[in-house]
Amino acid sequence: MAKKKSVFECQACGYKSSKWMGKCVNCGAWDSFEELSDEQIKISRQIDSSGKKTKASPITQIKEDLVSRFPSGDRELDLVLGGGIVPGSLVLIGGSPGVGKSTLLLKMCANIAKSGKKVLYVSAEESEGQIKIRANRIDANHPNLYLLPEIKLEDILSELSNQKYELLVIDSIQTIFSEEVASAPGTVSQVRTVTFDLMRIAKATKIAVFIIGHITKEGSIAGPRVLEHMVDTVLYFEGESSKDLRILRGFKNRFGSISEVGIFEMTKEGLVSAKDISSKFFSKNRLQAGSAITVVMEGSRPLLLEVQALVSESSYGNPKRSATGFDTNRLTMLLALLEKKLDLPFNQYDVFINIAGGIKITETAADLAVIAAILSSFRNRPLGSETIFLGEVGLTGDIRDIHMLDNRLKEAAMQGFKKAIVPSKPLESAGIKCYKVEEVSKIIDWM
């Protein structure tokens, strides 16, 4: 009698092995292998071999696709998507529970339904009555918006064949299952099969599909990484449930740039595009010692942010270094630089950095503001409430140029700031007085 051959599949990336392994050699996940049944192995082989063979063609004979778009009804969402929704696109939105993913997409569905297009909202987690309560709260009631509480993929595809819809929302992909795969919803095989079928329907019928995905405790979308590779656009919704502001970032977009972000505000009417965004992240009237203002670029949009620092004597031999919204490794580097260049004993002090408003700074243009805030807290001396700090700090202590300096200064001038500490003079007059600083030691002289 032939010995049964077992196949184990990683539930994080889909890697297959003939034996069980504690750690996946492909993605590094621990304790993620599960044994597949004979039926699952058969279906998996059918999926892997289902692709049709095509002949190669010279690129000179290929006609490019003309990308058309239609508005979502929200300028911030359109900005992140690259100008609007592309028919036939597959968009994946991830975010922590309660951040507002379902609210955002339900509001988007209502806006598109009001423009005359038919929209299908599939909820696999909530009942029709629960969605109706949210729809009443955010004014999302319209006869062109259809609700379908269903978790079976075949029934969803049947509904799509009965009526012609122009937008489909799946909430969420981890709870949808296909009868063709003999495994639980959320497994690698289920997510891969469901996403593949949705992608096929989207490309064949030119219906735009939005998928909501759960995220893991590490902040990445749950399920196989192939999910993010299959879709056209990957968006992450960030924000704290205790605060009103939410940020939508693009991490992949085949039809636009990934440098833009959308900023929303949670109100009693739901998520709306934030107005007068810059003034929401700082307050000039409450600046104290340990606070400095800088300007960061989120895509093409300049944002004024408040950098807060707290320097206190360390109670232990190993001082603490903590940063919220800023790279902790970079903070450690800047403190080492200040110790060497300015002979300040930060090895005896705990240093904490916080970026007000819940924004995460990913560029180096805020280095000078971080240093200014640290020195301000260390000496207990407030900085000028009408001054901003711009510049990247190198390991040699020099302050280097940053991109789009003119745009940053113009935004600061519009918000009422009068002075700017910068690494170089701007090309255009922005209505703000600039002080050129080339080395970190000059900051002490200025203070």
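The values are calculated or read from the model by the stated rules, or taken from the named source; none is laboratory data. Bear in mind that the values here come from a model prediction, so they are computed numbers and not experimental data. Here the Cβ is made from the backbone with ideal geometry for all residues, glycine too, and neighbour counts use every protein chain on show.
Given the structure, is Lys340 surrounded by fewer than 16 Cβ atoms within 10 Å (Cβ to Cβ), over 20 Å from Val440 (Cα atoms) and more than 31 Å from the chain's Cα centre (by Cα)? Walk me through how you get there before you give the answer.
Working: surrounded by fewer than 16 Cβ atoms within 10 Å (Cβ to Cβ): yes; over 20 Å from Val440 (Cα atoms): no; more than 31 Å from the chain's Cα centre (by Cα): yes.
So Lys340 fails the test.
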Residue that is modelled with the lowest pLDDT, among those in segment 22-36 that are surrounded by fewer than 12 Cβ atoms within 10 Å (Cβ to Cβ) and farther than 11 Å from Gln11 by Cα | Gly28
State the number of residues belonging to segment 390-419 that are more than 10 Å from Ile432 (Cα to Cα), crowded, with 20+ Cβ neighbours inside 10 Å and in contact with an Asp or Glu (Cβ under 9 Å, 6 or more places away or on another chain).
-> 4
Count of residues meeting criterion [crowded, with 18+ Cβ neighbours inside 10 Å and among the acidic types (Asp, Glu)] in segment 297-326 | 2
So which of Glu439, Glu428, Glu386, Glu411 ends up being in contact (Cβ under 8 Å) with a residue 12 or more places away in the chain and in contact with a helix residue (DSSP H, G or I) (Cβ under 6 Å, 6 or more places away or on another chain)?
-> Glu428
Has segment 343-352 got any residue that is hydrophobic (A, V, I, L, M, F, W, C), under 22 Å from the mean Cα position of the chain (by Cα) and assigned to a strand (DSSP E or B)?
-> no
If you scan segment 289-303, which residues turn out to be modelled with pLDDT under 90 and in a strand (DSSP E or B)?
-> Met297, Glu298, Arg301, Pro302, Leu303
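Every residue, every condition in (1) within 16 Å of Met333 (Cα to Cα); (2) modelled with pLDDT under 90, yes or no:
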| position | (1), (2) |
| --- | --- |
| Leu375 | yes, no |
| Asn380 | no, no |
| Leu383 | no, yes |
| Glu386 | no, yes |
| Glu392 | yes, no |
| Ile402 | no, no |
| Arg408 | no, no |
| Glu411 | no, yes |
| Gln415 | no, yes |
Scan of segment 55-78 for residues that are loosely packed, with under 10 Cβ neighbours inside 10 Å and assigned to a helix (DSSP H, G or I), ordered by number | Ile59, Thr60, Gln61
Give the residues of segment 295-342 that are over 29 Å from Leu248 (Cα atoms) and touching a Phe, Trp or Tyr at 6+ places or on another chain (Cβ under 7 Å), sorted by residue number.
-> Leu310, Val311, Ser312, Glu313, Ser314, Pro319, Leu335, Leu338, Glu339
Expected output for segment 124-152 (first residue within 15 Å of Leu167 (Cβ to Cβ), partner β-branched (Val, Ile, Thr) and in a helix (DSSP H, G or I), Cβ below 8 Å, 6+ apart or cross-chain) is Leu147/Ile131; Leu148/Ile156
Residue count, segment 176-200, condition assigned to a helix (DSSP H, G or I) and either of a type outside the set (Ser, Thr, Tyr) or surrounded by fewer than 21 Cβ atoms within 10 Å (Cβ to Cβ) (or both), comes to 10
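For segment 359-447, which helices (runs of 4 or more DSSP H) that fit wholly inside it have 3 or more residues that are over 33 Å from the mean Cα position of the chain (by Cα) and closer than 20 Å to Leu338 by Cβ? Before the answer, list the steps.
Numbers: elements: 367-379, 405-414, 441-446.
Hits in segment 359-447: 441-446.
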